[in-house]
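One structure is given here, and the rest of the page talks about it.
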Amino acid sequence: MACERWRELVSAQLDGEDDPADRPRVEQHLAGCAGCREWLERAATVNRLTRTGPVPEVPDLSAAILAALPPVPARSRRRLGAGPLFVALAAVGAVQLILGLAQVGGGAGGAHVHAGLDATPGHLWHESAAWNVAVGAGFLFIALRRSRPTGLVPMLTAFVGMLLLLSVNDLSAARVDTARLVSHGFVILGYLIVVALSRVAGDSVRPPGDRVAGGSGWHLVEDEEAPAPVLPKLRLVPRGPLTAAASATGEREERRRAA
């Protein structure tokens, strides 16, 4: 055996990975080979220096790593900014709801009564009151649910725009009093709050189902593994005429397939 093979065995012995059965032969070779003994001394010295040498100092890169991280978005500030808007929207919704209910109880009266072709003024008055109640209830729903009111913006924009145009027209024709115009201010204020809430960025406004601690609204549903097929139990049958016939039939089938 060449010295390279013996030195591999010696190296494994230094690392504690040798085979105890090879130790007598390794000792016998070292006793008669000066080159391997010298190699063993150098290897043992290197091994000892490696294990007992000082550990090099590692520079502290914590500051550099933290400085390279992207800044944390100030979500708390945005949430604090959306909170007062929800409170204000709840107050406006409550006032609008009270005004609508008061209009229902007040009946058709006053100067702000619309005339229709087929509808009576009283019904139009009740229709306007029902709309005011619906707007107030919508404001309260958004404020209590704390959800993004993006879907209501187009409808409220059209309503507020037409309301402003008709109010200016009625005011110029002296067909509406000042108190009625002041009541429209709550609708306009609620509309502005809804627009502000719909433009809030990030996760500041989320539905209650998404505010559950511990993850997002997406869940992975894995299919259950199909149970392993149950193999029929084998039953030993003593040899006889029936088993011999079945065996002969099986052999004929195999020969027919081979042909």
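The values are calculated or read from the model by the stated rules, or taken from the named source; none is laboratory data. What you are looking at is a predicted structure, and each value in this text was computed from that prediction instead of being measured. Positions of Cβ are backbone-derived with ideal geometry, glycine not excepted, and every protein chain shown enters the neighbour counts.
Quick look at the numbers
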{"item": "Phe139, sole failed condition from (1) over 16 Å from Ala82 (Cβ atoms); (2) in a helix (DSSP H, G or I)", "result": "(1)"}
{"item": "Number of positions in the stretch 3-24 that are touching a residue at least 24 places away in the same chain (Cβ under 8 Å) and either surrounded by 14 or more Cβ atoms within 10 Å (Cβ to Cβ) or among the aliphatic types (A, V, I, L, M) (or both)", "result": "5"}
{"item": "Failed item in (1) polar (S, T, N, Q); (2) at pLDDT below 80; (3) loosely packed, with under 11 Cβ neighbours inside 10 Å, with Ser62 passing the rest", "result": "(2)"}
{"item": "Qualifying positions in the stretch 29-39 - of a type outside the set (Gly, Ala, Ser) and modelled with pLDDT of 85 or more", "result": "Cys33, Cys36, Arg37, Glu38, Trp39"}
{"item": "Any hit, the stretch 181-201, residues being exposed (fewer than 15 other Cβ atoms within 10 Å of the Cβ) and under 29 Å from the mean Cα position of the chain (by Cα)", "result": "yes"}
{"item": "Residue match in the stretch 144-161 (condition: touching a residue at least 40 places away in the same chain (Cβ under 8 Å) and among the hydroxyl-bearing types (Ser, Thr, Tyr))", "result": "yes"}
{"item": "Test: Gly83 is modelled with pLDDT under 75, in the same structural domain as Leu144 (by TED's automatic domain parsing) and not acidic (Asp, Glu)", "result": "no"}
{"item": "Residue within the stretch 25-45 that is loosely packed, with under 13 Cβ neighbours inside 10 Å, more than 60 Å from the chain's Cα centre (by Cα) and of a type in the set (A, V, I, L, M, F, W, C) present", "result": "yes"}
